[in-house]
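Below is one structure, written out as structure tokens; the observations come after it.
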């Protein structure tokens, strides 16, 4: 992909992300998921190119946060947990303990929602240990 095509693809991913935010805020979370997933697919494709890797990772993390909120709005805790675990993997790859600790904390929330207290406590303990490093 030439540089111009990559810029256009990145812009497309950004626009889809913004549209997803608007859809979520206007009460259409299902459409927000669809748009976020489209943006995420483009972003993950661009991430393979070193020139776009850092920008793509930033947008990918933003999209994971957006999907977390959207799945929470939909009450889809299974998808929420899945997306938060993907977010956690990136935080660990980046060796970013602050993001890792926050994400572990965030993962506990859907488990609390589902009354899976043992699992929630495990994630909260891991979050606390990360914060205390």
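Just so you know, all these numbers are worked out from the coordinates, no wet-lab data involved. Just so it is clear, the model here is predicted, and its values are computed rather than measured. With ideal geometry, Cβ positions are generated from the backbone for all residues, glycine too; neighbour counts draw on all protein chains shown.
A compact table of results
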{"read-out": "Hey, residue 38 within 15 Å of the chain's Cα centre (by Cα) and free of Cβ contacts under 8 Å to residues at least 60 places away in the same chain or not", "value": "yes"}
{"read-out": "Criterion: in contact with a helix residue (DSSP H, G or I) (Cβ under 9 Å, 6 or more places away or on another chain), free of Cβ contacts under 8 Å to residues at least 60 places away in the same chain and farther than 21 Å from residue 25 by Cβ - qualifying residue of 105, 71", "value": "105"}
